[in-house]
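This report refers to the structure that appears directly beneath it.
Each reported figure results from applying straightforward, stated rules to the coordinates on display, with no laboratory input. Keep in mind the model is a prediction, meaning the values are calculated, not measured. Here the Cβ is made from the backbone with ideal geometry for all residues, glycine too, and neighbour counts use every protein chain on show.
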Amino acid sequence: MIPIDLHVHSAYSDGVLSPEALCALALKQRIYTLALCDHDTVDGLAPMAEAAQRCNRPLHRLTVIPALELSTGPDGRTHILGYGVNPAHPALLAALQALREKRRARSGQMVEALRKLGFTIPPDWLPADSERMPVGRPHVARALVRLGAVNTVQQAFDRYLAEGKPAYVPLAHMTATEAVKRLRLAGAIPALAHPMRAGLEPQALEALVAALQNAGLAGLEVYHPSASRRAIRQLDAMARRRGLLVTGGSDFHGDAGERGKLGGLPPGWHAWQADLAALNAAVRAAAEAGKNGAPAGE
Ligand code: AMP
Ligand code: ZN
């Protein structure tokens with residue numbers, strides 16, 4: 001197994017595990033580099049760095065790349081990862097606060113739609129108003145499981161929460177180009193997450209990547225469980241041809257028995273060591289440029 005995972009979520013957004021539990025699991029699975037990519041928040045990054053410090057052992061040093069994941073586009077399906085983000089960047093923090101408020105309002109609308117369908121989710125089963133956590137559909141899906149309305153989180157999406165299903169409520173998102181630019185300004189290296197999830201034909205995907213690259217996109221998440229072997233070959237070739245960084249991650253959320261497992265990357269990432277080194281070098285260069293007052297790539 002490849003000992004890195006560059007896309008994991010914690011309970012600071014819609015994941016289940018605390019930073020401590022994520023680090024302990026990484027240790028158990030002999031993973032030595034994790035990127036924490038919580039949705040729309042950087043609040044978990046400091047606790048994650050501290051947890052990694054605490055779990056380090058002489059023969060196992062866990063490195064955590066600070067990151068986040070922004071949902072973009074009209075349907076929110078195009079996700080942009082920002083590796084090496086500066087978690088204290090004022091403009092980014094203001095944008096994330098606004099996103100969290102939109103998520104709160106939308107969570108209330110989903111609860112109301114489900115109530116009309118006959119499922120009453122007790123308010124204290126979702127993150128409380130006082131919490132800063134960005135409320136997402138996975139929180140609502142887990143509440144439906146707890147209620148006994150469905151057996152699994154996946155079933156909750158398939159029946160009620162996925163696009164076109166009766167309790168689906170869209171969220172107004174920034175454009176992908178805007179996300180790439182905002183991330184650059186916050187010192188991050190932007191990468192297009194799980195490109196196959198955008199649901200585009202090859203030519204349209206190439207055009208999206210080209211447009212985003214013009215705005216400052218630097219990487220492509222080629223090795224993600226959503227991509228078939230064939231798609232991975234094409235994405236890998238596209239990334240290298242375009243001079244983009246190649247990344248990979250499981251998108252682990254911590255739900256028992258569902259979706260990605262920590263470190264669960266699709267096979268075939270032979271160049272992972274060189275690709276990780278290139279990503280780390282880009283992150284370092286962006287941090288240096290930030291210290292000198294200019295975001296890298298601007
Ligand atoms: P949200 O940002 O609140 O719209 O939730 C998006 C998250 O829900 C994604 O990052 C996935 O983790 C999960 N998700 C979205 N669509 C599905 C689906 N069809 N099946 C399972 N999980 C999904
Ligand atoms: Zn995503």
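Putting +1 on Lys and Arg Cβ atoms and -1 on Asp and Glu Cβ atoms, find which of Q234, L45, L34 reaches farthest to the positive end of the dipole of the chain.
Farthest towards the positive end: Q234.
Hey, which lysines would be in cross-link range of K116, C-alpha to C-alpha under 25 Å, not counting anything within fewer than 8 residues on its own chain?
Correct list for K116: K102, K165.
Over all distinct alpha-carbon pairs, what is the Kirkwood Rh of region 154-298 in angstrom?
Over region 154-298, the inverse of the mean reciprocal pair distance is 16.7 Å.
Rounding to the nearest 10 and keeping the result within 0 to 90°, find how far the Cα-based axis of helix 176-185 lies from the longest principal axis of the chain.
Rounded to the nearest ten degrees, it is 60.
Which peptide among 33-45, 15-27, 49-61, 262-274 comes first, and what is the full order, when sorted by highest mean count of other Cβ atoms within 10 Å? Spell out each step's value before the answer.
Values: 33-45: 24.5, 15-27: 20.5, 49-61: 13.5, 262-274: 15.7.
Those peptides, ordered most packed to least, come out 33-45, 15-27, 262-274, 49-61.
For region 96-161, what is Rg from Cα atoms divided by 2.2 N^0.38 Å, rounded to two decimals? Walk me through the numbers on the way to the answer.
Values: Rg = 11.5 Å, N = 66, 2.2 N^0.38 = 10.8 Å.
Region 96-161 yields a ratio of 1.07.
Take each of the peptides 104-113, 211-220, average the number of other beta-carbon atoms within 10 Å over its residues, and list them starting from the highest. Numbers along the way, then the final one.
Details: 104-113: 16.9, 211-220: 20.9.
Top to bottom by mean Cβ count within 10 Å: 211-220, 104-113.
Sort all Cα-Cα distances of the chain into consecutive 10 angstrom bins from zero, then give the percent of pairs in each bin up to the one containing the longest distance.
Here the calculated profile for the chain is 6, 28, 37, 23, 6, 0.
Sort 2-11, 91-100 by packing, meaning the average of other beta carbons within 10 Å per residue, with the highest value first.
Values: 2-11: 24.5, 91-100: 16.1.
With the highest mean Cβ count within 10 Å placed first, the list reads 2-11, 91-100.
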